[in-house]
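Okay, so here's the structure we're looking at.
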Amino acid sequence: MNKYILSIDAGTSSSRAVVVNILGEIIGISQYEFQQFFPKNGWVEHDPMEIWNTQLRAIKDVLKKTNINANMIQSVGITNQRETTVIWNKNTGLPVYNAIVWQDRRTADYCDDLKSKNLEQKFTDKTGLLLDPYFSGTKIKWILENDPKLFQLAKANQLAFGTIDSWLIWNLTCGEVHVTDVTNASRTLLFNIHSLEWDQELLNILNIPYNILPKIVSNSEFIAHINDGILGQEIPITAIAGDQQSALFGQMCFNKGDVKNTYGTGCFSMMNTGSQIVKSSNKMLTTVAYQINGTTNYAIEGSVFIAGSLIQWLRDGLGIISKAYEIELLAESETTNGGLTLIPALTGLGAPYWNPDVKGAIFGITRNTSKGHIARAALESIAIRTYEIILSMEKDANIKFSSLKVDGGASNNNLLMQIQSDLLQKEVIRPMVTECTALGVAFMSGLGSGYWSSLEDLKKLNKKNDTFQPKESKQELLLNWNKHIKTLI
Ligand code: ADP
C-alpha cells in the first residue's frame, strides 16, 4: 500500500492541509480561511475554536479529495504561524481568551517599560530576540493580567499556554498532550536558546507561572498519536515547526550559510548558521532553525515589512495595475527605471535602519516618467531591501553564502528575481514547488517516521528549479539608493 505524509499548515489567514508523497510531491491541498478580528487599533485576534474547526475540516477534505484513508498516512507534521498566543482551560479544553496574533501591538507600552528598566540585553542574550510585542511572552502576560481570576487559575495549574501547534495537538489528542517544539518555543521570549529550556528568570520577570508552559520536543521525533476518534484510527504526529523554519527546511537549506527568502506581503529571510549562535549587531533575530537527532542548527532571521504589499499599493492605491502579476509586464515596458529611486518605507523601515517614522518617497520624477519606470523602481526597491537584509546577515554571521533560495507569491516575478540576482551577484534558485512551508514539516515528519531516511535522501527529491544568474552590475542603482535614503533617515 502507498503511504503518504500529511502536512498541517496552520497559517495566519487560513488553515491548510497538504498531502505529500514519497517523491516529495504535493498531491492535494485543502484550505479554509478564518476570520481576522481587529477589536481596537493595533489589536489582531483569531478565534482558536475556528482555527481548530477549519483545520480539521481541511484535513478531512484533503483526505477525501485525494482518496486517502487514515491508514495510508505514515505520519503527520504541523507547521504554524509563530508567536500567536492561545491560553485555554486544561479541564474544559476551552480558550479563556481569543488568540492574540503575532501582528498585535497591544503590549508595546509594556515592552517599552521593560526596556526602560534596561532589561532588553538580558532578553536578547538569552532568547536571541528583541523586546517587541511581536513575541508571545508579553501576550501571555496580558491575557493573565486582563482578568485577575485567570492569573489565579494559572497558578493553580488549571491553564495551558500554547502557540497554534500546541493548541492543535491538544485538540488532536483530545486533551492528552501539551507540547511545542524548539522553533516555536524560541519565539516566545521565554526560551533560552543556549540551554534549550524555558528560562525561569525570564518567567519571573514577566510573572508567568511555569506550569502553564508546554513540554518542548525536537522537530522530528514521535510526539503523540492523533486520537482514533478524530480520523478513525490513531496516526503518529512526528514533527512540529514554526512556518519560517519549516520553509527553510522545505528549501533544503541544510548547510551552514544556506539562505532562503520568502517574498510574501513582507519578506522573511533566514540563514542557517549551523551550530553557531550568532549575536547580531544589526538587530536581526537569532533563533533555532531546527533540532533533529539531537543536533541543533541555529539561524539568523531578518524581515522586510513591505514587499508584496508595495505591489498591492500600486494596484489598489495608485491603480496602475489591476492584478499583482501585471507589475512584471509593466516594468518590462521600460528598459531602465528612468532615473527613479523608490523608497518603500510605507510603514517605516526595519533592519538595518530601524526607523518607524520614515515615510516612503519617489525621487527623480521628470516629464518623461512613466508608469513603467515606477513599476521597475518598485521591483528594484523590494530587491534592494532584501539585499540589505541579506548583507547584514552575512556580516553578522561572518559567513559568505553562495546562492539564495526563494519562495512566496512575489517570487513568481522573474524580473524581480533577476534584479535580486544582479544585486547580490549570486545565483537565485526558485523551486518548482513553492509550497516550501508545508513541504518542510512534511520532510521533518517523514524523517521522524522512517518514510525518508536522511537529509541526503531528501536532497535527491529536489530535482526541478528555476535559476537566475547575475547578468549585470547594479552599482549605480545602489549608489542612487544610498544617496537618497540618507536624506530621509
Ligand atoms: P502572504 O503569504 O504574505 O499572504 P503570498 O506569498 O501569498 O503572501 O504572496 C502574495 C503577495 O505577493 C501579495 O502582496 C502580492 O501583491 C505579491 N505578488 C503576487 N504575485 C506577484 C508578482 N508576480 N509580482 C510581484 N508581486 C506579486
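Figures for the structure shown
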read-out	value
Filter result for ILE321 (within 16 Å of the ligand (Cβ to nearest atom) and assigned to a loop (DSSP other than H, G, I, E, B))	yes
Candidates LEU190, LEU248, filtered to the one that is crowded, with 18+ Cβ neighbours inside 10 Å and either more than 23 Å from ILE87 (Cα to Cα) or free of Cβ contacts under 8 Å to residues at least 60 places away in the same chain (or both)	LEU248
In the range 312-335, the residues that are under 23 Å from ASN368 (Cβ atoms), in contact (Cβ under 8 Å) with a residue 60 or more places away in the chain and either loosely packed, with under 11 Cβ neighbours inside 10 Å or of a type in the set (A, V, I, L, M, F, W, C) (or both)	LEU314, ILE327, ALA331
Residue under evaluation ILE374, criteria (1) within 16 Å of the ligand (Cβ to nearest atom); (2) touching a residue at least 60 places away in the same chain (Cβ under 8 Å); (3) open to solvent by 50 Å² or more (accessible area, probe 1.4 Å), criterion not met	(3)
First in the range 165-181 and open to solvent by 10 Å² or more (accessible area, probe 1.4 Å), second anywhere and among the aromatic types (Phe, Trp, Tyr), Cβ under 8 Å, 6 or more apart	TRP170/TRP88; ASN171/TRP52; VAL177/TRP170; HIS178/TRP170
Top-ranked residue of the range 251-269 - restricted to ones that are in contact with a Ser or Thr (Cβ under 6 Å, 6 or more places away or on another chain) and open to solvent by less than 10 Å² (accessible area, probe 1.4 Å), ranked as nearest to the ligand (Cβ to nearest atom)	TYR263
Subset tally (residues that are among the small types (Gly, Ala, Ser) and either closer than 17 Å to SER220 by Cα or open to solvent by 30 Å² or more (accessible area, probe 1.4 Å) (or both)) for the range 143-164	1
Helices (runs of 4 or more DSSP H) completely within the range 132-208 that count 1 or more residues being within 30 Å of ILE230 (Cβ to Cβ)	136-146, 148-155, 164-172, 182-185
Single residue of the range 398-437 satisfying the filter (within 12 Å of the ligand (Cβ to nearest atom) and farther than 22 Å from GLU332 by Cα) that is surrounded by the most Cβ atoms within 10 Å (Cβ to Cβ)	THR437
Selection count, the range 209-245, where residues are surrounded by 22 or more Cβ atoms within 10 Å (Cβ to Cβ) and not aliphatic (A, V, I, L, M)	9
Strands (runs of 3 or more DSSP E) contained entirely in the range 10-118, each with at least 3 residues that are touching a strand residue (DSSP E or B) at 6+ places or on another chain (Cβ under 8 Å) and open to solvent by 60 Å² or more (accessible area, probe 1.4 Å)	26-33
Of the criteria (1) open to solvent by 30 Å² or more (accessible area, probe 1.4 Å); (2) among the small types (Gly, Ala, Ser); (3) closer than 23 Å to TYR298 by Cβ; (4) touching a strand residue (DSSP E or B) at 6+ places or on another chain (Cβ under 6 Å), which one SER449 fails	(3)
Residue match in the range 331-347 (condition: within 14 Å of the ligand (Cβ to nearest atom), at pLDDT 90 or above and more than 30 Å from SER280 (Cα to Cα))	yes
Neighbours by Cβ (under 6 Å, 6+ apart or cross-chain): first from the range 1-22, over 19 Å from ASN184 (Cβ atoms) and free of Cβ contacts under 8 Å to residues at least 40 places away in the same chain; second in a strand (DSSP E or B) and open to solvent by 30 Å² or more (accessible area, probe 1.4 Å)	ASN21/TYR4; ASN21/ILE27
Residue in the range 352-369 that is open to solvent by less than 30 Å² (accessible area, probe 1.4 Å), under 25 Å from the mean Cα position of the chain (by Cα) and without any contact (Cβ under 8 Å) to a residue 40 or more places away in the chain present	no
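Per-residue answers, yes or no, for (1) farther than 19 Å from ASN413 by Cβ; (2) in a strand (DSSP E or B); (3) more than 16 Å from the ligand (Cβ to nearest atom); (4) open to solvent by 10 Å² or more (accessible area, probe 1.4 Å):
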| position | (1), (2), (3), (4) |
| --- | --- |
| MET271 | yes, yes, yes, no |
| GLN276 | yes, no, yes, yes |
| SER281 | yes, no, yes, yes |
| THR286 | yes, yes, yes, no |
| ALA289 | yes, yes, yes, no |
| THR296 | yes, yes, yes, yes |
| ILE300 | yes, yes, yes, no |
| SER309 | no, no, no, yes |
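This table checks each residue for (1) touching a strand residue (DSSP E or B) at 6+ places or on another chain (Cβ under 6 Å); (2) in a helix (DSSP H, G or I); (3) open to solvent by 50 Å² or more (accessible area, probe 1.4 Å); (4) modelled with pLDDT of 95 or more.
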site	(1), (2), (3), (4)
GLY440	no, yes, no, yes
MET444	yes, yes, no, yes
LEU458	no, yes, no, no
LYS463	no, no, yes, no
LYS471	no, no, yes, yes
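The values are calculated or read from the model by the stated rules, or taken from the named source; none is laboratory data. What you see is a predicted model, and the numbers here were worked out from it, not measured in a lab. When we count neighbours, we look across all protein chains shown, and the Cβ atoms used for this are built from the backbone with ideal geometry, even at glycine. For accessibility, only protein heavy atoms count, side chains too; no ligands or nucleic acids. Shrake-Rupley method; radii C 1.70, N 1.55, O 1.52, S 1.80 Å.
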